[in-house]
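Undergrad: Take this structure, written in structure tokens, and hold onto it; I'll ask about it next.
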Protein chains: 2
Amino acid sequence: MTNFKALAEQYKSELLDKVVPFWLDKSQDHEFGGYFTCLDRDGSVYDTDKFIWLQGREVWMFAKLYNEVEHKQEWLDCAVQGAEFLKKYGHDGQLNWYFALDREGQPLVEPYNIFSYTFAVIAFGQLAIATGNKEYEEIARKTFDIVLSRVDNPKARWNKAVPGSRSLKTFDLPMILCNVALEIEPLLEPDFLRQTIDTCLHEVLDVFYRPEIGLVVEALGKDGELVDSFDGRKLNPGHAIESTWFIMDLGKRLNRPDLIEKAVEISLAEVEYGWDEQYGGIFYFMDRLGKPRHELEFDQKLWWVHIETLISMLKGYQLTGNPKCLEWFERVHDYTWKHFADPDYPEWYGYLNRRGEVLLPLKGGKWKGCFHVPRGLFNCWKMLEELSRREQK
Amino acid sequence: MTNFKALAEQYKSELLDKVVPFWLDKSQDHEFGGYFTCLDRDGSVYDTDKFIWLQGREVWMFAKLYNEVEHKQEWLDCAVQGAEFLKKYGHDGQLNWYFALDREGQPLVEPYNIFSYTFAVIAFGQLAIATGNKEYEEIARKTFDIVLSRVDNPKARWNKAVPGSRSLKTFDLPMILCNVALEIEPLLEPDFLRQTIDTCLHEVLDVFYRPEIGLVVEALGKDGELVDSFDGRKLNPGHAIESTWFIMDLGKRLNRPDLIEKAVEISLAEVEYGWDEQYGGIFYFMDRLGKPRHELEFDQKLWWVHIETLISMLKGYQLTGNPKCLEWFERVHDYTWKHFADPDYPEWYGYLNRRGEVLLPLKGGKWKGCFHVPRGLFNCWKMLEELSRREQK
């Protein structure tokens, strides 16, 4: 029988004794503000550029820990110093968020990437909740408005698709908006929130989830049709699985068990499809017609894919009691702790080859920061604790 | 002792009996024109989009074979039909070359990529030499002018670097211009040709080759300084090695043995640095400071890297007699024929994992077409033949 109590302790201790101290100690740039995220195996800094995705995500994470675990001053200070750096240097003055800055805060890469904006929204939103600071609240709300206004052309002038040609809409933005909306719920008008959530749910469940293949696709034609091209065949099981726990959260929030059931069904189909029977772990990219991909990293095993799967499986089990969710949680738990956790230094590896061997020894980089590992440990810890309490009743 | 005669026969037969017939039979789209390049292991088409890089390269390859191997009508017809498709659909009417078209020729991806232009230049240039067609000549010459006019900002409006920030210049364009200039030599004014060649040689040998590390870097600051950033630390040994045989060709053309000696020295340094002592083969990307890369494919073994190395090593041996070049040719020859050649179907695999196992079974895709394998086989065959003749004297 699953020992939820021991598991809760394992996730909690990994989070609070190892991962959070790692980022607190190693990532803060006390000279220029913001965070280093290019951290080697032992936490030493190997590059000082600052990527807005990861700056925003770390602000969010420390504000979230402050709000939901404990009112620790050092967590709040860490979030505030990152937010102040972002507020000053992260955007062009009109809340158009750059993609990358140098260490001092000079912009390097233009605001071409809409996810720089979404992570700014959750950063300032969560920190507004922690501090009551009206300026942070305004930044979150206004940036969210910009995101919504750009849903139809998120890449703006950096879009390379020829206008009027086969233009595809992609899963990533509606998927993440499901999460963003709940993250900043206290800052939004109830009607506006409800409408945003309805649109996101519709896009994920009725549009990008395709009942004829039982999976979520990454891109569709403008009229919602399947397209037989590299982009149109692309599957990203981890991405789809991550979206299912956003939907379960919305199902709980809206008191709609039908949403939860649907999300659990999708998450199980995705993990079964994405699992590598030969070497274990979940593939990064797949092709819905089994054709070769051009992403050369397609067969690698990435930390976030596995951590998001842990959350979805555990949440599915917690909310529905489906035993398949618990089985998959345990299988992915075993794989994840065996391969991603580093026995000698805190924080987890991010990139394994297909065999599950460490491909890159880094703990943080251009795309891996203080986000999926602590968020996943936090979510799993809390759910495991609740499951453990239930057992004791 | 190396049996140049047998090797020449091996390369010739692979080219003319297997690889060229593969592309001639499998890649031509007799319905809409142009070429399919997304070909699976056995040559079956798995995607019909048409990428301008690969369309231009295949025109060039068949025109080159026609010009330098044999006046086979089917080779010329194959080149001409591809060129007519490109002429009609490949650009916007102003010789701005798109990146991708759909099967019918509708543009999909905007002309953001300068290498679509460079491959159009060599395609129409080589075909103008084959046919004497003035229109093809004009297309080549005018497109080359556009390339030269865009050297300072090749990505045009799709450039994501913030103006005035740390902007880097990259090795790829000057490197490829060394080759393009010689490819279309008969179409250029001698003074203009000489000036273009001088600029390219200077950029490669005096700017991107860094004597303090003995290697070519992929990107430098605007004043030619080394930069400690992801882009500024990036090494691509195959790319550097490919450039050395372009320079050896220029050295021969300009009757400058000093250029040849320098190029041989660089090519040997690169192959020694890039060779994977553990599993064999040459790494795709490396970091000059040994820091982690963000390209997740960094440790893979790619076909073109190895084929270009075969050319450089053999050319170095042919022109200087340096025995190290022959040793490296033999080592890379063994690796390449063992891992990239497919015993059951024609054409070679393109993508191996670090261990040298096939990562993707495709023979062509978005980036692999009718180019490096046949060009490499052709060049090696001709050099081996000449070395074999020398021996017999």
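The values are calculated or read from the model by the stated rules, or taken from the named source; none is laboratory data. All of these numbers come straight from a predicted model, not from anything done at the bench. Using ideal geometry, Cβ is built from the backbone for each residue, glycine included, and neighbour counts are taken over all protein chains shown. Quick note on the areas: whole protein, heavy atoms, side chains included, nothing else; ligands and nucleic acids left out. Shrake-Rupley method; radii C 1.70, N 1.55, O 1.52, S 1.80 Å.
Undergrad: Chymotrypsin sites (Phe, Trp or Tyr not before Pro), restricted to the range B:88-146: which are DSSP loop and have at most 10 other Cβ atoms within 10 Å? Please report the intermediate quantities before stating the final value.
TA: Values: sites: B:Y89, B:W97, B:Y98, B:F99, B:Y112, B:F115, B:Y117, B:F119, B:F124, B:Y136, B:F144; in loops: B:Y98, B:F99, B:Y112.
Sparse-neighbourhood loop chymotrypsin sites (Phe, Trp or Tyr not before Pro): none present.
Undergrad: Another question, if that's okay. Among the GluC sites (Glu not before Pro) in the range B:184-218, which ones are in a DSSP loop with at most 10 other Cβ atoms within 10 Å of the Cβ? Mind listing them?
TA: Numbers: sites: B:E203, B:E212, B:E218; in loops: B:E212, B:E218.
Sparse-neighbourhood loop GluC sites (Glu not before Pro): B:E212.
Undergrad: Oh, and also: In the range B:89-114, which residues give up 50 Å² or more of accessible area once the other protein chains are added, compared with their chain alone (1.4 Å probe)?
TA: At a threshold of 50 Å² (probe 1.4 Å), the residues of the range B:89-114 that become less exposed are B:L108, B:E110.
Undergrad: Probe of 1.4 angstrom, ligands and nucleic acids ignored: what's the accessible area per residue over the range B:100-231, in square angstrom?
TA: Details: 5410 Å² over 132 residues.
Dividing the accessible area of the range B:100-231 by its residue count gives 41 Å².
Undergrad: Follow-up question, since we're still on this one. If you line up the Cα atoms of the range A:1-142 on their principal axes, what length do they span on each, largest first, in Å?
TA: If we take the Cα atoms of the range A:1-142, the spans are 53, 35, 28 Å.
Undergrad: Another one. What Cys residues in chain A have no fellow cysteine's beta-carbon under 4.7 angstrom?
TA: Singleton cysteines: A:C38, A:C78, A:C325, A:C370, A:C380.
Undergrad: Along Cα→Cβ at 7 Å, what distances in nm separate the B:K88 label point from those on the other copies, shortest first?
TA: 6.1
Undergrad: Write out the GluC sites (Glu not before Pro) in the range B:103-186 meeting two conditions: DSSP loop, and at most 11 other Cβ atoms within 10 Å of their Cβ. Don't jump to the answer; show the numbers that get you there.
TA: On the way: sites: B:E104, B:E135, B:E137, B:E138, B:E183; in loops: B:E104.
Answer in residue order: no site qualifies.
Undergrad: With each run of n ≥ 4 DSSP H residues scored as -39500 (n - 2.57), what mean residue ellipticity at 222 nm is computed for chain B after dividing by its residue count and rounding to the nearest 500 deg cm²/dmol?
TA: Working: 14 runs with 204 residues, N = 393.
After summing the helix terms and dividing by the residues of chain B, the value is -17000 deg cm²/dmol.
Undergrad: Same structure, new question: Please turn the phi angles of the range A:50-65 into ³J(HN,Hα) values with the Karplus equation 6.51 cos²θ - 1.76 cosθ + 1.60 (θ = phi - 60°), one per residue in order, whole Hz, x for glycine and proline.
TA: Once θ is set to phi - 60°, the couplings for the range A:50-65 become 10, 9, 5, 3, 7, 5, x, 5, 6, 4, 4, 4, 6, 5, 5, 4 Hz.
Undergrad: In addition: Assuming a viscosity of 1.567 mPa s and a temperature of 4 °C, what translational diffusion coefficient in µm² per second does Stokes-Einstein assign to the range A:271-337, Rh being the Kirkwood radius over Cα pairs?
TA: Details: Rh = 12.6 Å.
Reported coefficient: 103 µm²/s.
Undergrad: Computed FRET efficiency, Cβ-Cβ of B:T199 and B:D42, R0 60 Å: what is it to the nearest 0.05? The partial results should precede the final answer.
TA: On the way: r = 45 Å, r/R0 = 0.74.
Calculated value: 0.85.
Undergrad: Let me ask you something else. Which pairs, out of A:K291/A:K363; A:K26/A:K64; A:K160/A:K222; B:K169/B:K368, put more than 21 Å between their alpha-carbon atoms? Please report the intermediate quantities before stating the final value.
TA: On the way: A:K291/A:K363 32 Å; A:K26/A:K64 19 Å; A:K160/A:K222 16 Å; B:K169/B:K368 25 Å.
In this structure, A:K291/A:K363; B:K169/B:K368 lie more than 21 Å apart at Cα.
Undergrad: Further question: Explain nothing, just compute: Karplus ³J(HN,Hα) = 6.51 cos²θ - 1.76 cosθ + 1.60, θ = phi - 60°, for every residue of the range B:24-37 in order, whole Hz, x for Gly and Pro.
TA: Per-residue couplings from phi come out as 4, 7, 9, 9, 6, 9, 6, 8, 10, x, x, 10, 7, 10 Hz.
Undergrad: Separate question: Semi-axes of the equivalent ellipsoid for the protein assembly as shown, please: Cα gyration tensor eigenvalues, times 5, square-rooted, ordered largest first, whole Å. Show your work: numbers first, answer last.
TA: Numbers: eigenvalues 483, 150, 141 Å².
With the √(5λ) rule applied to the protein assembly as shown, the semi-axes are 49, 27, 27 Å.
Undergrad: Starting from the Cα of A:R103, step 7 Å along the direction of its Cβ; do the same at B:E327; then give the gap between the two resulting points in nm.
TA: 4.1
Undergrad: Rg over Rh of the range A:104-252, using C-alpha atoms and the Kirkwood radius, what does it come to? Working shown, then result.
TA: Working: Rg = 16.4 Å, Rh = 16.5 Å.
Ratio of gyration radius to Kirkwood radius: 0.99.
Undergrad: Could you derive backbone 3J(HN,Hα) for the range B:140-146 from the dihedral phi with the Karplus parameters 6.51, -1.76 and 1.60 (θ = phi - 60°), listing whole Hz in sequence and x where the residue is Gly or Pro?
TA: Here the 3J(HN,Hα) series is 5, 5, 5, 5, 4, 4, 5 Hz.
Undergrad: Something else about it: Would you look at the GNM of chain B, springs on alpha carbons closer than 10 Å, and say which of B:P361, B:P186, B:P292 moves the most?
TA: Largest GNM mean-square fluctuation: B:P292.
Undergrad: How high is the relative contact order of chain B, given as a whole-number percent (alpha carbon pairs under 8 Å, six or more residues apart)? Walk me through the numbers on the way to the answer.
TA: Numbers: 664 pairs, mean separation 73.6, N = 393.
The value is 19 percent.
Undergrad: Starting from the Kirkwood radius over alpha-carbon pairs of the range A:136-195, derive D by Stokes-Einstein at 20 °C in a medium of 1.002 mPa s and give it in µm² s⁻¹. Don't skip to the answer; put the middle values down first.
TA: Numbers: Rh = 13.1 Å.
Using the Kirkwood radius from Cα pairs, D works out to 163 µm²/s.
Undergrad: Ranked by accessible surface with a 1.4 Å probe, highest first, in what order do B:T131, A:T196 come? Could the numbers behind the result be given before it?
TA: Values: B:T131 60, A:T196 15 Å².
Largest to smallest exposure gives the sequence B:T131, A:T196.
Undergrad: If N is the number of residues in chain A, what value comes out of its Cα radius of gyration divided by 2.2 N^0.38 Å?
TA: Working: Rg = 20.0 Å, N = 393, 2.2 N^0.38 = 21.3 Å.
Scaled against compact globular proteins, the figure is 0.94.
Undergrad: May I ask you to give the percent of accessible area on the range B:275-393 that is carbon plus sulfur, with a probe radius of 1.4 Å? Don't skip to the answer; put the middle values down first.
TA: Working: 1980 of 4170 Å².
Result for the range B:275-393: 48 percent of the exposed heavy-atom area is carbon or sulfur.
Undergrad: Any chance you could check the Cα centroid distance between the range B:112-132 and the range A:164-183 for me, in angstrom?
TA: 39
Undergrad: Calculate, for A:L254 and A:K160, the FRET efficiency according to 1/(1 + (r/R0)^6) with r their C-beta to C-beta distance and R0 41 Å; round to the nearest 0.05. Write down the numbers at each step before the final one.
TA: Working: r = 38 Å, r/R0 = 0.92.
Efficiency computed from Cβ-Cβ geometry: 0.60.
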